[in-house]
Amino acid sequence: MNKPLETGATIGILGGGQLGRMLSVAASRLGFKCHIFEPGANPPAGDVAAHVTRANYEDLEALTAFAQEVDVITYEFENIPTEALDHLEKLRPIRPNRRALQVSQDRITEKDFLSELGLKTAPYAAVQTLDELNAALETIGTPSILKTRRFGYDGKGQARLKSNDDAPSALEDMAGAPSVLEGFIDFTHEVSVIGARSADGQVSCFDPGENVHRDGILYTTTVPARLTASQRMDAVLLTANILNALDYVGVMGVELFVTPQGLIVNEIAPRVHNSGHWTQEGCVIDQFEQHIRAVAGWPLGDGTRHADVEMLNLIGNDVEQIPTIAVEGNAAIHLYGKAEVKAGRKMGHVNRVVTKKS
Ligand code: AMP
C-alpha cells in the first residue's frame, strides 16, 4: 500500500473497545469507514463503526472475509494471536508492523530491544522456576516486582517482593506463566510520550503527560508534566528513536519513570494509549486522528499542545459523577457506551481544559 487512502476507504481494526471506538470516530471525520473485528458481544466500537465482524481470532474464514473488506488493518490491543496475524498479513498490510507487536508482546523481548537501543530499563531477568527466581534475586535483589512476560495490563499479573521470603508466593501468583523479575525503580513520578510515525518516516510526538495510577490502573494524566527542558527533550528523542528503530507506522505510547538518574523506559504500547486521551482537547490533531493519518498513508498532523489539560479516567462507579461533571465549564466528557458498570472497568474519561490566554 503506497498511495494514501482516499475517502470511502475502509480501515480494519482488530479489537472493539473504547480505543477502537475513538479511532473509528477519528477515521469517520477523515471520510473513512471502519470495520471492527471483535470476539466479544456489544463492543463499544460497534456503536460508531460502519461494520462489525463478531468472530474469534481462530476463525480463519471470518478473518479472510474481514481482510477482503478492508484496505489496511490496524489494532487497538497488542495481544493478538500470532496465527491470526500470520493469516491476515498475507491478505492486507498491517500497521503498525509485526515487529512492533512481537517486541511489545513479551516483556523480555521488549527490554532486550530497548537495551540494544541504549535506553535504560529496570534491571531484569527471565524466570520460570523457584531456582531461577532465587538466582535472579541474587543479582536484582529486593524490593522487586515479578511480572508475567505476556498478557499483563493495568497492573495485572504482577507481584511485589519486599524480601527474598516473598519468592514462593510471588511465583505462585504467576500461575506457571513465564515471568520477568524487575528491580524496583525508585521514581519520583511517571510520564508517558505519545509518539507517531508516518509511512514515509515523518515523526511527531505529543508533549509528555504525567500519569497517576490508582489500584494499578491509570487514573489521571496531566499536561504539562513536571519535567526539566532536557528531560522533556530526552523523552521525545528516545520515543523517536524507538519509532525509527521499528520502522513504525502509527501511534505508540511510551511509559517512562522519572528518576534523578534520568528517564527509565517502563514499557511501550504499539497503539493509541489511555495516557494520550488528553490530546482530544489539548491539541488540534489528537492521537486518534494521528494514528488514522499514519495507517492511511497520510502526512501526520500538527500535534502541538494548545492548552493545559487534566484527563480523569472514570473507572467503575466513578461514572456516577457524570451529572456533576456535566455542568462544569471546560470539562469534555467521553463515555464509551458500556452498559454494565464493573469495578475496575473503564467507563469513560473527562478532559478538564485550562485554555491558554495569549
Ligand atoms: P506495568 O504493567 O509494567 O506498566 O506496571 C504498572 C505500574 O506498576 C507502573 O505504572 C508503575 O507504577 C509500577 N511499576 C511497574 N514496574 C515497576 C518497577 N520496575 N519499579 C517500580 N514501579 C513499577
Of the residues in segment 240-264 that are within 16 Å of the ligand (Cβ to nearest atom) and polar (S, T, N, Q), the one that is surrounded by the fewest Cβ atoms within 10 Å (Cβ to Cβ) is Gln261
* Taking the condition within 18 Å of the chain's Cα centre (by Cα), more than 19 Å from Glu310 (Cβ to Cβ), more than 10 Å from the ligand (Cβ to nearest atom) and in contact (Cβ under 8 Å) with a residue 24 or more places away in the chain, does Gly216 pass? -> no
| task | Determine, yes or no, whether Ile292 is crowded, with 24+ Cβ neighbours inside 10 Å, within 15 Å of the ligand (Cβ to nearest atom), on the phi < 0 side of the Ramachandran plot and modelled with pLDDT of 95 or more. | result | no
Of Gly329, Gly297, Gly276, the only residue that is more than 16 Å from the ligand (Cβ to nearest atom) and modelled with pLDDT of 95 or more is Gly297
Note on segment 183-200: residues closer than 30 Å to Ala296 by Cβ and within 11 Å of the ligand (Cβ to nearest atom) are Val191, Ser192
inquiry  = Based on this model, can you work out whether Ala170 counts as more than 19 Å from Ile217 (Cα to Cα) and in a helix (DSSP H, G or I)?
reply    = yes
The condition from (1) farther than 30 Å from Arg92 by Cβ; (2) surrounded by 18 or more Cβ atoms within 10 Å (Cβ to Cβ); (3) away from the ligand (no atom under 16 Å from the Cβ) that Gln231 misses is numbered (2)
Of the residues in segment 149-158 that are farther than 25 Å from Ala245 by Cα and either away from the ligand (no atom under 15 Å from the Cβ) or in contact (Cβ under 8 Å) with a residue 24 or more places away in the chain (or both), the one that is surrounded by the fewest Cβ atoms within 10 Å (Cβ to Cβ) is Lys156
From the option list Ala50, Ala62, single residue qualifying as out of contact with any helix residue (DSSP H, G or I) (no Cβ under 7 Å at 6 or more places or on another chain) and closer than 26 Å to Val350 by Cα is Ala50
Of the listed residues (Ala122, Ala135), the one being touching a residue at least 40 places away in the same chain (Cβ under 8 Å) and hydrophobic (A, V, I, L, M, F, W, C) is Ala122
Residue set Val203, Val180; condition touching a strand residue (DSSP E or B) at 6+ places or on another chain (Cβ under 8 Å), at pLDDT 95 or above and either within 12 Å of the ligand (Cβ to nearest atom) or not assigned by TED's automatic domain parsing to the domain that holds Val272 (or both); output residue Val180
The residue from Ile94, Ile145, Ile73 that alone is within 16 Å of the ligand (Cβ to nearest atom), of a type in the set (Val, Ile, Thr), buried (at least 20 other Cβ atoms within 10 Å of the Cβ) and within 22 Å of the chain's Cα centre (by Cα) is Ile145
Listed by first then second residue, the pairs whose first member lies in segment 75-103 and is over 23 Å from Ala45 (Cα atoms), whose partner is among the hydroxyl-bearing types (Ser, Thr, Tyr) and part of a loop (DSSP other than H, G, I, E, B), with beta carbons under 8 Å and at least 6 positions apart or on separate chains, are Glu83/Tyr57; Ala100/Tyr248
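A quick yes/no check of all residues on (1) part of a helix (DSSP H, G or I); (2) farther than 22 Å from Ala269 by Cα:
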residue: Ser28; (1), (2): yes, yes
residue: Ile36; (1), (2): no, no
residue: Val52; (1), (2): no, yes
residue: Ala65; (1), (2): yes, yes
residue: Glu78; (1), (2): no, no
residue: Leu88; (1), (2): yes, no
Residue check for Ser275: polar (S, T, N, Q), surrounded by fewer than 17 Cβ atoms within 10 Å (Cβ to Cβ) and within 25 Å of Val354 (Cα to Cα): no
If we keep only residues of segment 111-130 that are over 17 Å from Ala177 (Cβ atoms) and part of a helix (DSSP H, G or I), then the residue farthest from the ligand (Cβ to nearest atom) is Glu116
With respect to Gly297, is the statement that it is buried (at least 16 other Cβ atoms within 10 Å of the Cβ) and on the phi > 0 side of the Ramachandran plot true?
yes
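The values are calculated or read from the model by the stated rules, or taken from the named source; none is laboratory data. Just so it is clear, the structure is predicted and the values come from calculations on it, not from any experiment. Cβ sites come from the backbone with ideal geometry, for glycine too, and all protein chains shown count toward neighbours.
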